[in-house]
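In what follows, a single structure is set out as structure tokens and then discussed.
Nothing in this text is a laboratory measurement; each read-out follows from the coordinates by a stated rule. Just so we're clear, the structure is a prediction, and the values are computed from it rather than from any experiment. All Cβ positions, glycine included, derive from the backbone under ideal geometry; neighbour counts span all protein chains shown.
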Amino acid sequence: MRFLTISLIVHAPDPISGEQTSTNERFRQVVDAAVLAEELGFDGFGVGERHERPFISSSPTVVLSHIAALTSRIKLFTAVTTLSLLDPVRAYEDYATLDHLSGGRLELIIGKGNGSAQRELFHVTPEDQWDRNAESYELFRRIWRNDKVSASPRFRPELRDAEVWPRPLQQPIRIWHGSATSRESVDLAARYGDPLFSANVTNPIQPYAELIDYYRERWEFYGHDPALAAVGAGSAGFYAARTSQQAVTDYAPVFAGHLAMVKRLGGEPVFPTLEDFVERSSALVGSPQQIIEKVHRYHEKFGHSVLHLQAEPSGLSLSAHRASLELFQSDIAPVLRREIPDPPWEWESGPGSEPGREPEDKPVLELVSAREGV
């Protein structure tokens, strides 16, 4: 099993102290978290993309390029790249450049994104966002693989023998599909033989498990080898301590702060108590043995081989957060690495060496018409 830490670059008051850092300081914290992840031996670091409050992650390529200059080994992920909002040609140029600057350490997790404010900012509607996501993805991957591209998409100008530079370092790049609630993203991943990353951070396990089961069904339907399907999964929170009692005691103020924030925003908490949150959500809060057992329970449902943790304290002190990550690497990660398989490819090598059949490119929007129910 492999492990990432990720940041969505939330810029909001601390859930416990109520204090809010400057924008400049917030970016510094994210960069420090990435450097720490490499120092502690994590396999990847991810940065989200959002275009609305309370996030300041609108330029993940810029942030990841800076991180690439300060690290040498760790893989760099997007979590997620919102292709439904982007011109795929411009997105390709940015990510191909980042691929070179990082020495081929880039992996994308793509998704349609969520939030009405960012849809309005880019004039994307709920009715066309899935079509835009599918079209942008198909065109993005064609540009990545071909020196010249001709296409007549719906949502951007036509391309006629277009050359887009620079050509990438990795051929091809690995692209994961982020999935939270919709079968559209799952079917898109399965159709192209791409790995799936479950954003299983809001609800209990069952709806996410059902989507992953559907992914594996569609994977086989499209003729891919079942042994090559790969799944990643998130976690709703993380804090490890030597004993479960200490972990719950230390994490209680963090949970209380987040619960208060949800209520201030008029939301209804899915997990109303800390005990319920620890038991039924994907949060990993407890002793090393408890966390190992919980990851195994999720693995029984998901069959996942990559796991992400929160990169930043989110209300914990910096020292407590670092001690928790160190405990994960010393007492938890070695057991999970030994007991749960890696993804079905060589992690350190580029996607070009990945086993299995490379899916052929489809005409633009064939994906959309093939979606279930369309």
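Using the Cβ-Cβ distance between Ser319 and Arg145 with R0 = 56 Å, the FRET efficiency computed as 1/(1 + (r/R0)^6) comes to roughly 0.75.
Over the C-alpha trace of the range 165-218, radius of gyration and Dmax come out as 13.3, 44 angstrom. Of the trypsin sites (Lys or Arg not before Pro) found in the range 194-248, those in coil by DSSP whose Cβ has at most 15 other Cβ atoms within 10 Å are Arg242. Taking a point 7 Å out from the Cα of Glu348 in the direction of its Cβ, the residues of the range 31-49 whose backbone N falls within less than 19 Å of it are 38-45.
Between Glu326 and Thr181, 0.36 nm times their residue separation minus their Cα-Cα distance comes to what?
Working: separation 145, 0.36 × 145 = 52.20 nm, distance 3.25 nm.
Extra length available between Glu326 and Thr181 comes to 48.9 nm.
The range 4-47 and the range 60-77 have their alpha-carbon centroids 13 Å apart. Remark: spin-label model distance Asn114-Val270 equals 0.8 nm, labels positioned 7 Å along the Cα→Cβ axis. Treat the chain as a sphere of radius equal to its Kirkwood radius over Cα pairs and apply Stokes-Einstein at 37 °C in a medium of 0.692 mPa s; give the translational diffusion coefficient in µm²/s, rounded to a whole number. It comes out at roughly 155 µm²/s.
Hull volume per residue, based on the alpha-carbon atoms of the range 143-238 and their convex hull, is 157 Å³. Of interest is the spacing of the C-alpha centroids, which for the range 160-187 and the range 188-256 amounts to 21 Å. Between Tyr222 and Val10, full extension at 0.36 nm per residue minus the direct alpha carbon distance yields a gain of 72.5 nm. Farthest towards the positive end of the charge dipole of the range 3-57, among the residues Val35, Pro54, Gly18, is the Cα of Pro54, using unit charges on the Cβ of Lys, Arg, Asp and Glu. Here the label points at Glu339 and Glu93, each 7 Å from Cα along the C-beta direction, are separated by 5.0 nm in the simple model.
Classify the range 81-205 as rounded, prolate or oblate, taking a ≥ b ≥ c as the square roots of the eigenvalues of its Cα gyration tensor: rounded when a/c is under 1.5, otherwise prolate if a/b is larger than b/c and oblate if not. Judged from the Cα gyration tensor, the range 81-205 comes out oblate (a/c at least 1.5, b/c at or above a/b). Report, ordered by chain and residue number, the lysines lying within cross-link reach of Lys263, taken as a straight Cα distance under 30 Å and ignoring same-chain residues fewer than 8 apart. Counting by Cα, and skipping residues close in sequence, Lys263 has these lysines nearby: Lys112, Lys294. Among Tyr92, Tyr137, Tyr222, the largest mean-square fluctuation in a Gaussian network model of the chain, built with springs joining Cα atoms closer than 10 Å, belongs to Tyr222.
Determine the dipole magnitude for the range 251-302: charges of +1 sit on the beta-carbon of Lys and Arg, -1 on that of Asp and Glu, nothing else is charged, the reference point is the Cα centre, and the result goes in debye to the nearest 20.
On the way: 6 positive and 6 negative charges, 31 e Å.
That gives a dipole near 140 debye.
Note the full-extension length gain between Glu293 and Gln171 as 0.36 nm times their separation in residues minus their Cα-Cα distance, in nm to one decimal. Present the calculation step by step, with values, prior to reporting the outcome.
Numbers: separation 122, 0.36 × 122 = 43.92 nm, distance 3.77 nm.
Additional length available on full extension: 40.2 nm.
Taking every DSSP helix (H) stretch of at least 4 residues in the chain, weighting each as -39,500 (n - 2.57) and dividing the sum by the residue count yields a mean residue ellipticity at 222 nm of -13000 deg cm²/dmol.
Arranged by the count of other C-beta atoms within 10 angstrom, fewest first, what order do Val62, Val30 take?
Details: Val62 13, Val30 20.
Fewest-to-most ranking of Val62, Val30: Val62, Val30.
Between Leu309 and Leu4, Thr5, Ile6, the built amide H atoms are under 5 Å apart, and every one of these is 5 or more places off in sequence or on another chain.
Relative contact order for the chain: 20 percent, from Cα pairs under 8 Å spaced at least 6 residues apart, divided by residue count. When you filter the GluC sites (Glu not before Pro) in the range 45-129 for DSSP loop state and at most 13 other Cβ atoms inside 10 Å of their Cβ, you are left with Glu127. For Lys301, which aspartates and glutamates qualify as cross-link partners when the Cα separation must be under 12 Å and same-chain residues fewer than eight apart are set aside? The qualifying aspartates and glutamates are Glu210, Asp213. Scanning the chain for helices, which whole DSSP H stretches are 20 Å or more long along the axis (Cα) and average 0.0 or more by Kyte-Doolittle? Membrane-span-like by this rule: 244-264. Counting only Cβ charges, +1 for Lys and Arg and -1 for Asp and Glu, the dipole size of the chain around its Cα centre is about 280 debye.
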